[in-house]
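K.L.:
I'd like to ask you about the structure that follows.
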Amino acid sequence: MFETNRFFCLTALSLLLLVVPADATPHLDYVITCESLQKSELELVLTVTGWEPDTLSLQGVPVYLDNPLAEGNGAIVSRLEVSDGSGEEPSGLRRVEAGSAGGLVLQITPVPDTLVVRFKARVAYRHSRQTRDYPIHLPFMDKDQAWLYGNYLFCHPRLDVAEPASVRTPVDIRLSFDLPDSVPLVGVPSAELAFENLHELLSIQFGLGRFLVEETEADGVPVSLIYKNGDEFDEAERETLSERTVATVADLKAFFGSIPYPTCSFLYFRDSGTGGLEGSYACQAYVPAGVDLSSLSDRNSRVFAVTVLHEFFHTWNPITLFALEDPWFKEGVTSYYGNVLSMRLGFYTVEDYRLDWERDAVRLEDGSLVGDIPLTDPRIWQKEYDGEDWRHLSYTRGHAVAMLLDVAIREVSGNNHSLDDVMRLLARRHLHGGYTHEQLMEAIHAATSYDAIPFFDDYVDGNRVPTVEDVLILFHEG
Ligand SMILES: [Zn+2]
């Protein structure tokens, strides 16, 4: 993603000047404008104040964020205008020709007190190898609708030399929309939005234009169900989806103790296969045509319910609750809870879950990487969608480790404690922030009195892989 060689030879020294001191919190103010959907582009204005380092490097879009990333159809960022508080182009500005794969767009030394960057972001994407292998809905804009993602829009300052440390660095972000009545905003509140780090901003999903939106509420939280039209799901299905979505939101609010954002939205659509994508404020899930979602009798309908809960669980893990040094935690723990909480809600059966493991457990034994890499290896974040070998490190091995960890805590505590307690304590301590490996271990001990060091030495920091028997035997005990 970073095209490291070119970047390194161009700006090694300036990178070292890049890191934002912990006590200095820059302010990033974004305004999005879209005059009409006809143009397939948006205009963005970023105003940076309170910037301390000597140099500012502006990261272009699209940018990888630990999800399959589409390719730009040509350069995405255009008509870049840079000015200081008085409207003048600052000296020390160096522009970089941004390609279709994001990368750096400009560098500036010294940085004026107020830096204003204005640019156009085209909405023109095609499938990459990642999105072909792991489908997401490509960001799109047609004359009636648009569905967009933050990491395809928001050029942003790099706040650290490495990812994800840069996007998780605390920063004060404001986002506001300046839209005509003819371009309604969908999926997020229209008021000014605030974020505490770039990851949350870049994880936003929202729609523009005409969608079918059904509003409801879950335990005091406004919930929107968003459909591309009224044809993809019939009324009975939409009614059931509303009930199930409300139950999912209410259950996770009770599980974590609070909801990270004031509203929640779910984009549901038909596509080949079943899958989804997480986001701040809004997430999405899709299911093939012909799967009747008005009942749970069809296993595909149950798998869809698990997918929705999985994507919504990501609103915490990792979007607002980030494991800084445990890249396995995002998909490992979420895959576990996607199933466990769906079973508790009656959306999924123990037999369904056992069948999944019957099918997947073999991957615990035959992946080329599965036993070679500790689950703390930072490359997992970068390469998670580079192929099945990398993906199964978190989705299968990480999932099995989360399951064994929960069972170990329950066994040692006589079922008085569980991984649930750990997730709740992490949310109380670190919501809208991140936690280190050490803080994770400390939270496990504080929440459950379980000493997780030997377990982590084996399965997380070490390369011990749970066996098929380790997993399947759990379905025969109890
Ligand atoms: Zn996931």
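K.L.:
Apply the a/c threshold of 1.5 to the C-alpha gyration tensor of segment 200-239 and tell me whether it is rounded, prolate or oblate.
P.N.:
Details: a/c = 2.56, a/b = 1.25, b/c = 2.04.
Judged from the Cα gyration tensor, segment 200-239 comes out oblate (a/c at least 1.5, b/c at or above a/b).
K.L.:
Hey, how many Å between the Cα centroid of segment 103-134 and the Cα centroid of segment 216-237?
P.N.:
A separation of 33 Å, based on Cα centres.
K.L.:
Ordering 240, 109 by accessible area with a probe of 1.4 Å, largest first, what comes out?
P.N.:
From most accessible down to least: 109, 240.
K.L.:
I need the shape label for segment 335-398. Rule: rounded when a/c is under 1.5, else prolate if a/b > b/c, else oblate, with a, b, c from the alpha carbon gyration tensor.
P.N.:
It comes out prolate by the Cα gyration axes.
K.L.:
Let me ask something additional. Between residue 114 and residue 185, take the C-beta separation as r, use R0 = 25 Å, and let me know the FRET efficiency to the nearest 0.05.
P.N.:
Working: r = 27 Å, r/R0 = 1.09.
Working from the Cβ atoms, E equals 0.40.
K.L.:
Taking a cut-off of 17 Å, what percent of all Cα-Cα pairs in segment 112-238 are separated by more than that?
P.N.:
The calculated P(r) of segment 112-238 puts 69 percent of pairs beyond 17 Å.
K.L.:
To the nearest 20 Debye, how big is the dipole of segment 178-229 about its Cα centre, given +1 on the beta carbon of each Lys and Arg and -1 on that of each Asp and Glu?
P.N.:
320
K.L.:
Same structure again: When N counts the residues of segment 41-171, how does its alpha-carbon radius of gyration compare numerically with 2.2 N^0.38 Å, as a ratio?
P.N.:
In units of the globular-protein estimate, segment 41-171 measures up at 1.09.
K.L.:
Okay, moving on. Quick check: residue separation of residue 292 and residue 416 times 0.36 nm, minus the Cα distance between them. What number comes out in nm?
P.N.:
Answer, rounded to one decimal: 40.7 nm.
K.L.:
Right, here's the next one. Which Rg and Dmax, in Å, describe the Cα atoms of the chain?
P.N.:
Radius of gyration, then largest Cα-Cα span, for the chain: 22.4, 71 Å.
K.L.:
For helix 350-360, report the angle its Cα long axis makes with the longest principal axis of the Cα atoms of the chain; keep it between 0 and 90° and round to the nearest 10°.
P.N.:
It is inclined by approximately 70 degrees.
K.L.:
Using only alpha carbon positions, build the gyration tensor of segment 258-406, then give the equivalent ellipsoid semi-axes as the square roots of 5 times its eigenvalues, largest first, whole angstrom.
P.N.:
After diagonalising the Cα gyration tensor, the semi-axes are 25, 19, 14 Å.
K.L.:
Number of Lys-Lys pairs in the chain under 26 Å by Cα, sequence gap 8 or more or different chains?
P.N.:
Count of close lysine pairs: 8.
K.L.:
For every helix of n ≥ 4 consecutive DSSP H residues, a contribution of -39,500 (n - 2.57) applies; sum these over the chain, divide by its total residues, and give [θ] at 222 nm rounded to the nearest 500 deg cm²/dmol.
P.N.:
Theoretical 222 nm ellipticity from helices: -9500 deg cm²/dmol.
K.L.:
Kirkwood hydrodynamic radius (Cα pairs, Å) of segment 404-478?
P.N.:
On the way: mean 1/r = 0.0752 Å⁻¹.
Radius from the Kirkwood sum: 13.3 Å.
K.L.:
Moving on to the next point. Treating the angle as unsigned and between 0 and 90°, give the value, to the nearest 10°, between the Cα long axis of helix 419-430 and the longest Cα principal axis of the chain.
P.N.:
Taking Cα atoms only, the helix is inclined about 20 degrees.
K.L.:
Can you give the FRET efficiency for residue 467 and residue 350, using 1/(1 + (r/R0)^6), R0 = 22 Å, r = Cβ-Cβ distance, to the nearest 0.05?
P.N.:
Numbers: r = 20 Å, r/R0 = 0.91.
Once rounded, the FRET efficiency stands at 0.65.
K.L.:
Can I ask one more? Where a ≥ b ≥ c are the square roots of the eigenvalues of the C-alpha gyration tensor, would you call segment 36-79 rounded, which needs a/c under 1.5, or, failing that, prolate if a/b is larger than b/c, or oblate?
P.N.:
Oblate, since a/c reaches 1.5 and b/c is not below a/b.
K.L.:
Limiting things to C-alpha atoms, what are the Rg and the maximum Cα-Cα separation (Dmax) for segment 295-360, in angstroms?
P.N.:
In order Rg, Dmax, the Cα atoms of segment 295-360 give 12.6, 40 Å.
K.L.:
Let me ask something else about it. Compute the Kirkwood hydrodynamic radius of segment 369-444, taking the inverse of the mean of 1/r over all pairs of distinct Cα atoms, and give it in Å to one decimal. Mind showing how you got there, number by number?
P.N.:
On the way: mean 1/r = 0.0719 Å⁻¹.
Hydrodynamic radius (Kirkwood, Cα only) of segment 369-444 equals 13.9 Å.
K.L.:
Also, I was wondering about something else. So how far apart, in nm, are the two label points at residue 40 and residue 235 if each is 7 Å from Cα heading toward Cβ?
P.N.:
The two pseudo-label positions are separated by 3.8 nm.
K.L.:
Sticking with this one: By how many nm would the segment from residue 79 to residue 446 grow when fully extended, if each residue of separation counts as 0.36 nm and the alpha-carbon distance is taken off?
P.N.:
Contour length minus Cα-Cα distance gives 126.9 nm.
K.L.:
Report the full-extension gain for the segment residue 437 to residue 210: residue separation times 0.36 nm, less the Cα-Cα distance, to one decimal in nm.
P.N.:
Taking residue 437 through residue 210 to full extension adds about 77.3 nm, to one decimal.
K.L.:
Sticking with this structure for a sec: Compute the acute angle (0 to 90°) between the alpha-carbon long axis of helix 299-313 and the principal axis of greatest extent of the alpha-carbon atoms of the chain; round to the nearest 10°.
P.N.:
Taking Cα atoms only, the helix is inclined about 50 degrees.
K.L.:
Ok, one more. Report, in whole Å, the centroid distance computed from the Cα atoms of segment 343-405 and segment 20-98.
P.N.:
36
K.L.:
On to the next question. Sticking with the crude label model, points 7 Å out along Cα→Cβ, report the distance from residue 243 to residue 194 in nm, one decimal please.
P.N.:
Roughly 3.9 nm, to one decimal.
The values are calculated or read from the model by the stated rules, or taken from the named source; none is laboratory data. Quick caveat: nothing in here was measured; it's all calculated off a predicted structure. Virtual Cβ from ideal backbone geometry, glycine too; neighbours counted across all protein chains shown. Calculation scope for accessible area: heavy atoms of the full protein, side chains included, ligands and nucleic acids excluded. Shrake-Rupley method; radii C 1.70, N 1.55, O 1.52, S 1.80 Å.
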